[in-house]
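Shown next, in structure tokens, is the structure this report addresses.
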Amino acid sequence: MEQKINSPWPGPAGLIPVTSGKADDANVINRRYLDSLMVEMRVVDSVEPRLETQLFGHTFSSPIMMPAFSHLNKVGKDGRNPMIEYAEAAKEMQLLNWVGMEPDEEYAAIAEVGVPTVRIIKPFADHDLILSQIAFAEAHGAVAVGIDVDHIAGKDGHYDVVDGLPLGPIREEDLHRYVSATHLPFVAKGVLSVSDALKALKAGCQAIVVSHHHGRIPFGIPPTSILNDLKKALSGTGMTILCDCGIDTGYDAYKALALGADAVAVGRGILSPLLKEGREGVVKKVTQMNQQLSEMMMYTGVADTSSFDSSVIHRL
């Protein structure tokens with residue numbers, strides 16, 4: 001069933017599915033939005049592009065990054081360790097790795113893989129736990145640390161509880177305290193508005209991840225729909241803009257990069273290959289995405305990852 005509404009996103013007569021606000025519906029909307037973005041061809045003088053990308057003082061082979069997965073070791077079969085496996089894939093492909101909510105001992109094992117890694121921490125009500133995990137990540141060679149600013153509310157309307165650990169609010173002064181607690185770049189993950197981006201900037205964050213955490217907020221806008229506004233608002237500040245949610249192909253990655261992201265994380269897109277084939281499955285998937293990204297860059301005259309142009313994107 002579809003309903004005609006005044007939609008902020010282009011589409012035939014503003015038609016989008018009626019939704020319940022559930023994550024599955026939010027991700028359908030996200031998919032439809034990405035698929036509504038068309039690309040203008042600019043091939044004269046185009047050359048084979050370079051995908052190398054600078055992030056957090058390191059050079060990576062591509063702007064496609066690993067996601068901040070959590071707890072995958074619990075579903076690993078036959079003694080496999082998926083958290084280690086996708087870190088190994090990132091190392092093999094020279095990509096930036098991310099890790100979500102993991103206890104220190106699990107994080108230490110991932111760090112031993114030796115791939116540049118960002119640790120994302122939940123907004124625990126216990127601020128000392130956040131600070132201790134920041135310090136542990138720093139001591140174990142993380143290239144950046146951050147916090148899930150979007151993971152505060154539970155479905156009961158109270159602060160969420162994860163693995164028995166109560167979460168709490170993230171205030172601007174909290175962000176500033178965490179930023180000041182480390183010499184590493186600090187990331188606010190789960191930004192979906194110019195307002196939050198500017199507060200993260202004021203608090204001293206050096207990067208944001210534009211995300212709705214795979215539909216965590218009911219009726220959340222598609223992350224790519226706000227990228228252009230964020231790019232304009234943060235122009236000249238030095239803030240790194242990263243993006244995730246629904247990035248399943250190199251073409252999706254291209255659209256996010258053209259609209260203002262400096263790099264993108266692929267999560268659900270690698271989940272099935274990771275669980276089925278481990279490291280090799282992830283390498284295969286991301287290799288295909290890199291090929292698609294390079295193809296689209298060549299079709300649009302983008303020579304390198306610092307040369308994307310949002311004017312190439314048209315919305316149906």
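The values are calculated or read from the model by the stated rules, or taken from the named source; none is laboratory data. None of these values were measured; they are calculated from a predicted model. Every residue, glycine as well, gets a Cβ built from its backbone with ideal geometry; the counts of neighbours run over all protein chains shown. Heavy atoms of the whole protein, side chains included, go into the accessibility calculation; ligands, DNA and RNA do not. Shrake-Rupley method; radii C 1.70, N 1.55, O 1.52, S 1.80 Å.
Considering the stretch 272-316, the residues that are part of a helix (DSSP H, G or I) and in contact with a strand residue (DSSP E or B) (Cβ under 8 Å, 6 or more places away or on another chain) include one that is nearest to Y33 (Cα to Cα), namely V312.
Being surrounded by fewer than 18 Cβ atoms within 10 Å (Cβ to Cβ), under 27 Å from G154 (Cα atoms), modelled with pLDDT of 95 or more and among the acidic types (D, E) is a description that applies to D104. When each of R32, R50, R42 is tested for being at pLDDT 90 or above and under 14 Å from I221 (Cβ atoms), the lone residue that passes is R32.
Please tell me if H158 is open to solvent by 20 Å² or more (accessible area, probe 1.4 Å) and without any contact (Cβ under 8 Å) to a residue 40 or more places away in the chain. Judged against the criteria, H158 is a match.
Of the residues making up the stretch 227-238, those that are open to solvent by 20 Å² or more (accessible area, probe 1.4 Å) and at negative phi number 7. Within the option set G246, G269, G260, being at pLDDT below 95, surrounded by fewer than 24 Cβ atoms within 10 Å (Cβ to Cβ) and within 14 Å of the chain's Cα centre (by Cα) holds for one residue only, G269. Test A303 against the stated conditions and say whether it is touching a Cys at 6+ places or on another chain (Cβ under 6 Å) and at pLDDT 95 or above. No. The single condition from (1) within 24 Å of L242 (Cβ to Cβ); (2) open to solvent by 20 Å² or more (accessible area, probe 1.4 Å) that I110 fails is (2). One residue stands out in the stretch 281-299 among those that are open to solvent by 10 Å² or more (accessible area, probe 1.4 Å) and touching a residue at least 60 places away in the same chain (Cβ under 8 Å): the one that is farthest from F60 (Cα to Cα), namely Y299. Candidates are the residues of the stretch 6-29 that are touching a helix residue (DSSP H, G or I) at 6+ places or on another chain (Cβ under 9 Å) and open to solvent by 60 Å² or more (accessible area, probe 1.4 Å); the one that is modelled with the lowest pLDDT is N6. Of all residues in the stretch 194-220 being part of a loop (DSSP other than H, G, I, E, B) and under 15 Å from the mean Cα position of the chain (by Cα), which is modelled with the highest pLDDT? Only one residue tops the list, namely Q206.
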